[in-house]
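Please treat every number below as a calculation from the coordinates, not as lab data. All figures in this text were calculated on a predicted structure; none of them were measured in a lab. A quick note on method: Cβ atoms are made from the backbone with ideal geometry, for glycine too, and the neighbour counts reach across all protein chains shown.
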Amino acid sequence: MRFDWNWAFAIDIAPTLVAALRITILATVLGSMLALMLGLPLALASLSRSRWLRRPARAVIEMVRGTPLLIQLYLLFYVLPGAGIRLDPLATGILALGMHYGAYTADIYRAGIEAVPAGQRDAGLALGFGRRQLFFRIVLPQALPPVLPALGNCIIAMFKDTPLLSTITVVELLNAAKGIGADTFRYLEPFTIVGLLLLVCSLAAGALVRQLEGRMERRPA
């Protein structure tokens with residue numbers, strides 16, 4: 001194992017790591033979309049007056065949040081084929097990321113919805129809004145801006161958790177670095193480049209979230 005930095009070697013392996021970064025970004029983007037889509041109905045179910053909706057929703061949220069993502073990955077990767085559902089490793093990883101972070105986004109959505117003053121709902125009902133119109137035109141537009149930073153943090157956390165997909169044979173960024181290290185016995189360059197790539201992407205994602213937050217704050221009421 002060598003610990004002296006070799007620029008020629010670092011430049012040579014950079015294209016391989018950048019190609020693997022595409023898998024990491026793809027998993028993050030699709031996993032985030034799934035998490036954001038799952039989180040909202042879970043939040044609404046957990047806020048329902050019906051205990052038949054509220055209790056199962058809370059049970060799912062607490063169960064998913066209370067177990068490690070790695071365990072969920074293994075369960076989906078090995079249990080789904082036994083149930084006759086066969087997904088490739090990347091699809092399984094995206095599903096696990098979406099489900100895991102969907103539980104967190106559900107509580108974020110719930111907090112935003114509960115923060116909307118009850119008077120806003122009463123005013124909407126007095127103006128003749130139906131419950132669907134009331135939610136999508138009055139409640140949700142006011143609930144989302146305050147929780148955007150928390151949703152952005154979830155996406156960034158998911159991006160940093162994608163290396164766990166290497167445990168189910170997804171050749172993402174960290175797995176590619178481990179493969180290079182195993183083949184060449186040089187770990188300094190690949191893991192340093194991986195760390196820098198993850199840092200740059202996390203900073204870029206944070207900047208995009210702040211930009212979106214600023215646009216929503218400037219949007220006319």
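Listing for the model above:
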read-out: Contact order relative to length of the range 7-218, as percent, for alpha carbon pairs under 8 angstrom and 6 or more apart; value: 29 percent
read-out: Dimensionless Rg ratio for the chain, taking C-alpha atoms and the 2.2 N^0.38 Å reference; value: 1.24
read-out: Highest-first arrangement of 193-204, 100-111, 149-160, where packing means the average Cβ count within 10 Å; value: 100-111, 149-160, 193-204
read-out: With Cα atoms, 0 to 90° folded angle of helix 89-115 axis to the chain main axis; value: 30 degrees
read-out: Tail fraction, Cα-Cα pairs, the range 21-127, threshold 25 Å, whole percent; value: 32 percent
read-out: The range 90-221: C-alpha gyration tensor shape, a/c 1.5 cut-off, then a/b vs b/c; value: prolate
read-out: Local net charge near ASP107, Cβ-Cβ under 14 Å (Lys/Arg +1, Asp/Glu -1); value: +2
read-out: Sequence of GLU62, GLU172 once ranked by neighbouring C-beta atoms within 10 Å, starting from the fewest; value: GLU62, GLU172
read-out: Length gained when the stretch PHE9-LEU26 is fully extended (0.36 nm per residue, less Cα-Cα span); value: 3.5 nm
